[in-house]
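Following: one structure in structure tokens, then a few remarks.
Rule-based calculations on the coordinates, nothing more; no lab input. Everything numeric in this text was worked out from a predicted model, so none of it was measured. All Cβ positions, glycine included, derive from the backbone under ideal geometry; neighbour counts span all protein chains shown.
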């Protein structure tokens, strides 16, 4: 009877894990290594841009809700130590929405 042990590793049995590319060609592992760089930059970015967008919202409740929800969601993801890919997705949504609202202020 032939037995196979966990430590029996041959080149034929080794499978290279494939990491999906997410943001700027980085894998999930690379993003997780950069967590302590991404988190403060994200807080600074959506905090300042959200403040500018809220100031230009002109008291519109709909605009303030559109600014507040993605910003609060991004902050809660950072504080709950969620996977970085979800933080990046929420940050991207917050920055895009804030930028659009801020740009609309100057168009009108």
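Placing pseudo-labels 7 Å out from each Cα toward the beta carbon at residue 105 and residue 48 gives an inter-label distance of 1.5 nm. Short-range pairs are left out: with C-alpha atoms under 8 Å and at least six residues apart, the relative contact order of segment 50-108 is 47 percent. In terms of packing, defined here as the mean over residues of other Cβ atoms within 10 angstrom, the peptides 33-40, 92-99 line up highest first as 92-99, 33-40. Taking the average, over residues, of other Cβ atoms within 10 Å as the packing measure, peptides 80-87, 59-66 rank 80-87, 59-66 from highest down.
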